[in-house]
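A quick write-up on the structure given underneath.
Derivation of every value follows stated rules applied to the coordinates shown; laboratory data play no part. Only a predicted model underlies this, so the values are computations on that prediction, with no experimental measurement involved. Every residue, glycine as well, gets a Cβ built from its backbone with ideal geometry; the counts of neighbours run over all protein chains shown.
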Amino acid sequence: MRTFATLCRACRHTEPDARDLLSCPRCGGKWLDAAYDYPPGWQERLGRYGATLWRYRDLLPVRDDDNIVSLGEGWTPLTRAMNLGLMLGHPHIYIKDERQGPTGSFKDRQAAVAISMMKEAGVREAVVSSTGNVAIAYSAFCARAGVKLWAFVTSSVPAEKMREVALYGSEVIKVAGTYDQAKQVAAQFAASKGLFLDQGIRGIAAKEAMKTVAYEIAEQLGSLLAGRDPMIAHDNHHPWQTPHWYLQAVSGGLGPVGVMKGFRELREMGLVNAMPKLACFQVAGCAPMASSFHKGLATAENVDNPATDITTLATGAPGESYQVLRELIGEHGGTIDAVSDAEAFRALDVVAKMDGLSVEPATAVAFAGLFNLIRQGVIKRDEIVVINCSGHTFPVEKHIVGEHFTRDMALAGAAEEAPREEGLLTALEELDPRVQRIAIVEDNPDAIRLIRRILQAQGEFLIEEAHNGIDGLKLIRETRPNLVVLDLMMPGMDGFAIVDAMKAEETLKDIPVIVVTAKELTAIERRRLYGKIKGLLQKGAFMDVDLVEDIREALSE
């Protein structure tokens with residue numbers, strides 16, 4: 001039987017072997033943390049406990065394994081962002097892919113621990129407020145545990161998410177107001193009915209659940225840097241590793257508060273020797289923490305009327321969590337920034353097209369923040385960054401691809417003279433409207449792959465490539481492309497010589513050229529290219545939109 005103590009944030013009172021406390025017995029404070037006497041030998045038991053968040057059960061607030069309610073949550077992949085890294089010139093970006101949870105978001109961790117604690121406490125009926133993901137996750141785990149759930153959600157929650165909550169058998173109460181108002185209504189309902197009210201970030205369960213993200217990152221990153229498969233749940237003693245930065249979008253702040261608690265515990269146990277810097281991001285239309293942070297305020301100024309389409313982040317009254325995050329950043333470094341809805345949805349599009357990750361808008365906010373911090377030079381090239389991919393895109397794809405994202409194809413009828421195969425082939429050919437020809441002349445295969453991927457994502461171009469300057473000029477002469485995307489530093493014949501040769505030939509001189517180079521150009525080199533090219537982009541310092549806009553401008557002339 002495991003035990004843990006309860007620590008009050010307000011007065012620092014510790015209650016040994018606390019059971020089912022909702023407030024501090026000394027001062028009445030509602031913000032409680034679990035504290036442990038770290039059990040010896042717990043690492044040796046990791047392999048026996050398997051590859052879920054419950055591999056860390058010896059440091060979680062569930063005393064009896066029989067009360068664990070699990071759907072296989074946790075131990076989500078930690079993967080390197082290859083194409084994004086190339087595009088941003090940052091090779092150490094890692095994504096903690098929480099989309100892989102049972103209901104598709106990192107809230108599955110919170111639900112697993114919270115519902116397990118409810119089961120252990122004998123709770124049979126509970127109340128929760130949510131902007132969507134919490135209600136879905138809690139509903140699934142409550143169904144498994146036999147707990148009736150009352151889910152209070154805002155009217156802005158997509159109907160698809162409300163239906164999923166109802167599918168699990170929960171009672172869905174739609175509140176025509178803000179998330180903060182929904183929380184108030186839920187609390188009043190729970191009090192009037194004498195039901196258990198989930199405490200969210202103030203209670204123990206949520207923060208303890210989120211600390212497992214830190215445990216997994218440290219264990220998996222250590223495996224990656226040691227050249228081992230990070231998804232194999234080892235029970236050995238290879239070194240664990242913290243990143244230099246941990247990034248996440250925030251609404252109430254639960255995720256990073258819990259994650260940083262996890263990293264702190266690992267440092268106290270001597271498993272890691274450093275804490276990461278923390279970067280939190282909000283949407284500009286509801287950014288009480290970001291705004292207050294940059295004003296230097298100790299207490300957040302609330303936002304009464306959120307103005308954002310990203311409703312999962314529309315918490316206007318962050319309360320004490322802002323103070324906790326501000327203290328963490330003050331101690332370990334970092335920032336709280338805001339990005340616009342447009343930046344977030346653009347980032348969602350980029351991440352999907354570059355690295356094949358369909359992420360929720362909240363995650364896109366974090367990626368947009370990442371792009372800004374790298375562009376500003378806040379995050380350095382040699383720093384390891386882990387970003388929390390908190391959930392799946394569903395159901396927001398319409399914000400990105402619109403309504404008309406398919407193409408019709410009519411197959412030849414049986415009565416037609418053309419054979420079926422010929423009719424199908426013709427129809428397939430008609431699906432490809434690309435008439436603009438682009439030549440990529442580049443000797444770096446990674447750069448070619450990135451540029452090709454950016455162009456392919458637009459679906460409009462016939463792309464050909466050459467891997468050195470001599471073959472590149474030959475390709476240009478033979479195909480007369482509509483545009484050349486050119487590197488400058490190549491063996492045999494460099495990009496400067498190709499530009500000069502093209503301008504000297506009547507049939508090639510008007511073909512637009514866009515240079516994408518890693519070279520820092522001198523003033524003389526810039527003058528050599530002046531008036532001869534349509535665009536100049538620095539490798540590792542451009543977004544896909546920059547290249548596409550330059551290409552569209554060049555082709556439209």
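Details
- Amide H contacts of residue 196 (H built 1.01 Å from N, in plane; Pro and chain starts excluded): 125, 127 sit under 5 Å, all sequence-distant by 5 or more or on other chains.
- For the set 353/532; 353/539; 353/380; 207/380, the pairs lying more than 21 angstrom apart at their alpha carbons are 353/532; 353/380; 207/380.
- Kirkwood Rh, angstrom, the stretch 32-169 [1 / mean 1/r, Cα pairs]: 16.8 Å
- Here the contact order of the chain, divided by its residue count and restricted to Cα pairs under 8 Å and six or more residues apart, works out to 12 percent.
- Volume per residue for the stretch 107-202 equals 83 cubic angstrom (convex hull of Cα atoms).
- Using alpha-carbon coordinates, inclination of helix 361-375 to the longest axis of the chain, degrees: 60 degrees
- Part-to-part distance (alpha-carbon centres) for the stretch 107-167 and the stretch 246-325, which is given in Å: 23 Å
- Neighbour counting of Cβ atoms within 10 Å sorts the residues 142, 11, 286, fewest neighbours leading, into 11, 286, 142.
- Short to long, the 5 Å bins of the Cα pair-distance histogram for the stretch 434-556 hold 2, 11, 25, 27, 22, 11, 2, 0 percent of all pairs.
- Crossing angle, helix 320-332 versus the chain [Cα axis fit, 0-90 degrees, rounded to tens]: 60 degrees
- Over the stretch 16-66 - Rg/Rh using Cα atoms and the Kirkwood inverse-distance radius: 1.07
- Zero-based 5 Å bins, Cα pair distances in the stretch 284-397, whole percents: 2, 12, 19, 22, 21, 15, 7, 2, 0
- Ratio Rg/Rh, restricted to the stretch 308-347 and using Cα atoms, in which Rh is the Kirkwood radius: 1.06
- Taking the Cα atoms of the chain, the ratio Rg/Rh between the radius of gyration and the Kirkwood radius comes to 1.04.
- In degrees, nearest ten, helix 133-145 long axis to first principal axis of the chain (Cα): 50 degrees
- Prolate/oblate/rounded label for the stretch 97-159 (Cα gyration tensor, a/c 1.5): oblate
- By the Cβ distance rule (another cysteine Cβ under 4.7 Å), the unpaired cysteines of the chain are 142, 280, 286, 389.
- The helix-based estimate of mean residue ellipticity at 222 nm for the chain, built from -39,500 (n - 2.57) per DSSP H run of four or more residues and divided by its residue count, is -12000 deg cm²/dmol to the nearest 500.
- Cα centroid of the stretch 36-54 to Cα centroid of the stretch 440-515, whole Å: 55 Å
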